[in-house]
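Each value in this text was obtained by applying a stated rule to the coordinates, not by laboratory testing. As the structure is a prediction and not an experimental result, all values here were calculated from the model. No Cβ is skipped: glycine too gets one built from the backbone with ideal geometry, and neighbour counts run over all protein chains shown.
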Amino acid sequence: MFHSRAEEVATVLAEHFPRDLADTVFAQRTATVVLDIADCGRWSVEIVDGVAKLSAGPQPRPTCSIHCDATTITDLLTGRRSGVEAFLAGDLIARGSLATVLQLGGAFAPDIEVAARPQAREIEVAGARTAYLEAGPSDAPPLVLLHGLGATNASMLPLLSGLAAQHRVLAPDIPGFGASEAPRWDYSAQQLCRWFHDFLSATDARGAAVVGNSLGGRLALESAMSDPQAASALVLLCPSPAFRRFRQLAPFVKLLPVDLARISRVALPRPLMTAALRTLFADPRRVRKGWYDAALDEFEIAMSKGNRRRAALSALVNIYTEEAFGEKGFWERLRNVRCPTLFVWGGDDHLVPSAFERHVTDAIPSANSVVIPDCGHLPQLEFPELTTRLVRRFIASSDYARRRSARAGTTTPSATATPRSAANTRF
């Protein structure tokens, strides 16, 4: 008997869409998801306290919506493909809460192992409910991905996808951002570091390789400066350092009452936000339109909440006002980094210029440093294959050096050791 494509999709949804979500982050949560399947129709999923109900037709004001074709939704629900892979390839468009889309994607085909399909988890860390994605073999070496200011763990998805085959990859939403709570903290590097060390302990990931972008890179550095055993290796993608110049306003900015951000909300026009986001890339055309839409949707959701506006402002103030020099200053303490370290800079990054390269390699002579030309502030999105290759190769070489040192009864080179050959590379 002939069945229309729409009928086939309806059958796949009826047979394979998970109804029992009690063992997921939706156990005590309410969400509405619209599935818009090209040329086949739209369905709604209402999730209440871990139970999902599927019905035909859309619902108004959903938490998120998923747009794809019949082949993609079938592959996702039957475990032939991960939602992350489909999203990165442009075969799945997510609107609204991207965090919800990622959380739901991890619940599809639970009995089938799918490469690079992250599971969404939550844990209480340092008094803050912390959401994170976990992918890869549970017994593989741990690797943690830390996103930047105003972003979420979704900005690290290309690395999660590319590294999950060899690593147990953890990608948390730093408190104040994404699906994690936004406690009333002073979002300094030191406070976030305390949270991060607790997160590593709680997830049995101490000694992981840590990859951080922007604020996430700054957090990774703070972790290594304060606890040499926290990370086995660092890869820092355009990390946010302490300002060396233009610090004249720092004394006044320190007085800024960040709690005002909870009260006042300035809604910026969407085209203006899009233009601002595109400035983070040397060539914005390298990034799919679907990613811009999803990222801005998440940003608008976050900025609609006073506690998240406050967290973003507090983190921004701390970046600008952090002490740069002196015994307790960033640049002096940077010399305390002992683990193998790779800095990756964007040659056309206007937010954290690659000119910082010489300063960090002066502080950490043993560090490796790479400048990617014609690249902006988010190399993992603008050049995902190259960035993944750099991370994989560096961590593999660090692991080999550590094993070799252990067999010889020596330690890995410290930050004061002789620089490795060809440490500074420009593509």
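A few points about this structure:
- Within the range 38-87, the set of residues being in a loop (DSSP other than H, G, I, E, B) and within 13 Å of PRO18 (Cα to Cα) comprises GLY50, THR78, GLY79.
- Among the conditions (1) within 19 Å of ARG95 (Cβ to Cβ); (2) not β-branched (Val, Ile, Thr); (3) not in a strand (DSSP E or B), the only one that ASP23 does not satisfy is (1).
- Helices (runs of 4 or more DSSP H) enclosed by the range 321-384 - at least 2 residues per element that are under 24 Å from ALA208 (Cβ atoms) and either hydrophobic (A, V, I, L, M, F, W, C) or out of contact with any Ser or Thr (no Cβ under 9 Å at 6 or more places or on another chain) (or both): 357-363
- Qualifying positions in the range 66-81 - of a type outside the set (D, E, K, R) and without any contact (Cβ under 8 Å) to a residue 40 or more places away in the chain: ILE66, HIS67, CYS68, THR71, THR72, LEU76, GLY79
- The range 42-76, residues that are more than 26 Å from ILE301 (Cα to Cα), of a type in the set (Gly, Ala, Ser) and crowded, with 16+ Cβ neighbours inside 10 Å: ALA70
- The lone exception for ALA135 - which of (1) surrounded by fewer than 24 Cβ atoms within 10 Å (Cβ to Cβ); (2) touching a Leu at 6+ places or on another chain (Cβ under 6 Å); (3) of a type in the set (Gly, Ala, Ser) it fails: (1)
- When ALA179, ALA99, ALA131 are screened for being in a strand (DSSP E or B) and closer than 27 Å to VAL344 by Cβ, only ALA131 passes.
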